[in-house]
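Nothing in this text is a laboratory measurement; each read-out follows from the coordinates by a stated rule. Since the model is a prediction, treat every value here as computed from it, not as a measurement. Using ideal geometry, Cβ is built from the backbone for each residue, glycine included, and neighbour counts are taken over all protein chains shown.
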Amino acid sequence: MYRPGRTASWSAGLTVLLVVVALGSAALGPVRIDPITVAMAALNAIAVPTGVSTGTTTVPGLGFSTTVPTLEFTGVFDFEVTGSHQLIVETIRLPRIALAATVGFSLAAAGTVMQGFFRNPLADPSIIGVSSGAAAGAVAAIAFPVLAPFSSVHLSAFVGALGTAFLVYGIATEGGRTPVATLLLAGVAIQAFLGALISYMLVHSGDDLRRAVVWMMGHLSNTTWGDVRFALPVALLGVFVLGAYARELNVLLLGEEDAHHLGVDVERTKLLLLALSSVITAAGVAVAGVIGFVGLVVPHIMRLIVGPDHRILLPTSALAGASFLVATDTIARIGPAEVPVGIVTAFVGAPFFLFLLVRREVHSL
Amino acid sequence: MTESPTPSDADAGERARENAVESATGTETESATAAETETATTALEPASIAVDGLSLSFGEVPVLENVSLSVEPGEFVGVVGPNGAGKTTLLRAISGALEPDAGTVAVDEVDVHGVSSRASSRLVAVVPQDTALSFAFPVRDVVEMGRHPHRSRFSSPTPADRAAVERALERTRTAKLADRPIDEISGGQRQRVVLARAIAQETPALLLDEPTASLDVNHQVETLELVRELVDSGRTAVAAIHDLDLAARYCDRLALLADGAVHDVGTPSSVLTTDALAEAFDATATVTTNPITGTETVTALPDATVRDSIATDVEDGSHDNEDTDNPRSTPARVHLIGTGTAAASVLSRLAAAELDLSVGPVTPGDAAEEAARRLTGESSSAGVETIRVDPFAPLSADARDELAARIAAADATVLADPALGGETGRVLELVASVERPVVVDTQRFADRSGASTGGEGTTSEAGAGKVARTRYEACRKRGIEVPPESVLEGVATALSESGRTERPSDAGLPAGGTISDDKGAPANADSAADGPTPPHESSDD
């Protein structure tokens, strides 16, 4: 029988791991900073709102200004850290680490949900075309800024991702029912179509080719706190609500008719699960590009460790995904030349997954 | 729940009841007996199930047409019927999984299609025919899923939930498996786990779709015993059961479904009649009473095609044409010599083919004699002429003459394990005139009672036994030997051969031994294509 204490202790342990990995990551880079200094600089970066002021801001991508209330923040801690170290940690490394953690968190959670939803161990967050849609939107914005509906690459990718998800869902839905197999096939077909579209745009992208390809491989360079502010709330809220539906996910594994007999409103639950995982995936992919393998491998590994119950699997997968992406992104950026993180995740993740396969530890859900 | 409270009231009542159960069982240790477990679950009030005018189609294909069925609280109703009759569809419509085109289903006077799946899942638990359980959830967690409709979104399992799960595991004898992954236990064990899940759901009504389909005979009985117990302790159950004997044994009433409509509803003995089965299953079957359980037992016989082929053979012999549209005028005459269960079984099959039958000599009380008496008593049968003789007495001259006359008049003579004590030899002597007797041989001759050691032990017994044996072997050698279930094919062959002089085209029939498939009924193309029908096939759903 499910024990909430087990979920709590696993989650606490994985959170500690994430903090350790994050501090270790922040210590590494062209400039070596010892972990104690990193910890102090990180604490210095924590600020709490102490007041409200009004100012104008420009809405990104849409190009008009508006007046918004802005919170004023004041630092809580004041440890002694040299100015350059504080700057490196606070404005260069921490936002990047936070975004890596956020995206890993989202992708692993969405992958867990999709594998359960489709009762298919090959499912990953992009199975219904979310990543392809994001890539198409981003490449369009990079290669044809004039033609793309939104000049911001992030926004264009986000809209492309969600638009694709809704399109696939709409195609697969008939008479109020959405058969999972139809959804899968519609996703595959749309992905193939978008793949062709992306290839066409790349061929005609000229000088923007390199930028577009790097985006598509997944990258976390030049991350700002603004990216984190966009992706983190979406990820936390989305995974929280998905967690509330963990028991439904378990019951859905028995098949939709059994789930109905056990009191699950099947179609509504499916729509909710699909919409939420699409949104958190889209938010992650929009800011970080297409990062593969996190959403496929991490849920499998965690299923081996904690079992198939989504009440424990979902939070632990999300936290483990966060650590995994922070660690792989560290590898991606500390080498002599930075490589897109998507390359590293696949480079590390694929052999590990094959190792599990050969050991016959991954055979089904 | 006899009153219909608001959901929250129901919830509160349930919780209070479960807490009471918990405090009652909490003081008990693992030594809690079955009886105590019984009282713990009697808190459930069985629900009524009312199906009214239900029609449902898959696309253009109508599956259920105007089906009505009323199940009283605390009743166990079995849904029987041939494949494709709509049994599973009916259950799925009752559970709320399928929306009907017309008609209503009310469980405990609640329209299951008008309420949320959560509300209906508190009324009806379902044990489906197959459940996809190919992932490594421990058995206990699967049973815990039965508690889903009773729990709020963020709650952890309450003591009541845990108690309900443990009780369900106990009742289905799956407690020992509780920590094993569900994908590592056997199919029969899985079926019990799914039943445990339904029990943990604690609903007043239970639907089971072929709960015994994948089980061996031992677990079939065990499972239905458990369902019976659940019904007796306060649940209403409706089960699709393909095994008619088991359905008759455990259900209060049966609903016979055929072609998407209810053919008949009533007690097993009123529903399972030869005529009803013939209509619903398009099969020939005899219904007898199982001497051990005292409930109905259905024996399916080869299908109507073979039966018709026999009549056609006779017809062809007399009219010399292939006019199969013309219904048979005179049934073939068959005489049966045999005793015991083999002869009784053969007699039932022959009677089902509506042949003009005679049997004998038989002694009163013999299984064959009882079968003959029962068949004579049935309205649908023309009756079986029976030559009765006294046990252990020599064959009287009258009986001998009658037997000779019967054999002479018969179009075919069948021997089925004849064992008539010291008289066997004299009886078989009369068969010498039959060119091609049909021989059903289920027991070694020497093992038959009275074959070698006579009833009264006279000195001539051993010699008589030897003579009988020689004559019997001779019959076997020149006759057509068939297993009991293929006796109709054997008779068909014998009949077609007897008409050989008038139909030279059939000259190339097998010279002897077991009949071959495609020549069993040469006059009928359909049956020739079908080949022999395996026994009991039509009783399988």
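Give, in nm to one decimal, the length gained when the segment between B:ALA405 and B:SER156 is fully stretched (0.36 nm per residue of separation minus the Cα-Cα distance). Let's see the in-between values first.
On the way: separation 249, 0.36 × 249 = 89.64 nm, distance 8.41 nm.
That pair, B:ALA405 and B:SER156, stretches by 81.2 nm at full extension.
I want to check the label-to-label distance for A:THR50 and B:PHE58. Put each point 7 Å from Cα in the C-beta direction and report it in nm to one decimal.
With each label placed 7 Å out from Cα toward Cβ, I get 7.1 nm.
Amide H to amide H under 5 Å from B:LEU208: which residues, 5+ apart in sequence or cross-chain, H placed 1.01 Å off N in plane?
HN-HN under 5 Å from B:LEU208: B:VAL127, B:VAL238, B:ALA239, B:ALA240.
Where the centre of each part is set by its Cα atoms, how far does the stretch A:1-40 sit from the stretch B:108-183, in angstrom?
Using only Cα atoms to place each centre, the spacing works out to 38 Å.
Mean shadow of chain A, computed from the convex hull of its alpha carbons, in nm²?
Values: hull surface 82.8 nm².
Directional mean of the projected Cα hull area for chain A stands at 20.7 nm².
Given the peptides A:48-54, B:124-130, B:395-401, B:469-475, arrange them by the average over their residues of other C-beta atoms within 10 Å, most packed first. It would help to have the intermediate numbers written out before the result.
Numbers: A:48-54: 9.0, B:124-130: 22.9, B:395-401: 14.1, B:469-475: 17.0.
Sorting A:48-54, B:124-130, B:395-401, B:469-475 by mean packing, highest first, produces B:124-130, B:469-475, B:395-401, A:48-54.
Along each of the three principal axes of the Cα atoms of the stretch A:1-54, give the extent in whole Å, ordering the values from largest to smallest.
49, 39, 16
How shielded is B:174-183 by partner chains, expressed as the average number of their Cβ atoms within 10 Å of its Cβ atoms? Display every interim value, and only then the final one.
Working: counts 0, 0, 0, 0, 1, 0, 0, 2, 2, 4.
Taking all residues of B:174-183 together, the mean is 1.
A:PHE355 to A:LEU71: extension gain in nm, 0.36 nm per residue of separation minus the Cα-Cα distance?
Working: separation 284, 0.36 × 284 = 102.24 nm, distance 4.97 nm.
Answer, rounded to one decimal: 97.3 nm.
What average count of beta carbons from other chains do you get within 10 Å of the Cβ of residues in B:142-152?
On the way: counts 4, 1, 5, 10, 4, 4, 9, 5, 1, 2, 0.
Shielding by partners across B:142-152 averages 4.
Between A:ALA244 and B:ALA132, what's the calculated FRET efficiency when r is the beta-carbon distance and R0 is 22 Å? Round to 0.05.
Details: r = 24 Å, r/R0 = 1.09.
Using R0 = 22 Å, I get an efficiency of 0.35.
Hey, if you put +1 on the Cβ of every Lys and Arg and -1 on every Asp and Glu Cβ in the stretch A:95-358, which of A:ALA110, A:GLY206, A:PRO95 ends up farthest toward the positive end of that dipole?
Positive-most Cα among the choices belongs to A:PRO95.
Provide the packing ranking of A:246-259, A:71-84, B:195-208, i.e. peptides ordered by the mean count of other C-beta atoms within 10 Å per residue, highest first. Mind showing how you got there, number by number?
Values: A:246-259: 23.0, A:71-84: 11.4, B:195-208: 26.3.
Highest-to-lowest ranking by the protection proxy: B:195-208, A:246-259, A:71-84.
Please compute the average number of Cβ atoms from other chains found within 10 Å of each residue's Cβ in peptide B:113-122. Present the calculation step by step, with values, prior to reporting the outcome.
Details: counts 0, 0, 0, 3, 11, 5, 1, 3, 6, 1.
Mean number of neighbouring Cβ atoms from other chains: 3.
When the C-alpha atoms of the stretch A:76-163 are aligned to their principal axes, what extent does each axis show, in angstrom, from largest down?
51, 41, 19
Per residue and in cubic angstrom, what volume does the convex hull of the Cα atoms of the stretch B:112-229 have?
Details: hull volume 12.8 nm³, N = 118.
Residue-normalised Cα hull volume stands at 108 Å³.
Can you give the direction-averaged projected area of the convex hull of the alpha-carbon atoms in the stretch B:146-291, in nm²? Intermediate values should be presented prior to the final figure.
Details: hull surface 44.0 nm².
Average projection, Cα convex hull of the stretch B:146-291: 11.0 nm².
Starting from 0 in steps of 10 Å, tell me what percent of the Cα-Cα pairs of the stretch B:7-299 lands in each bin.
P(r) for the stretch B:7-299, in whole percents per bin: 6, 28, 34, 23, 8, 1.
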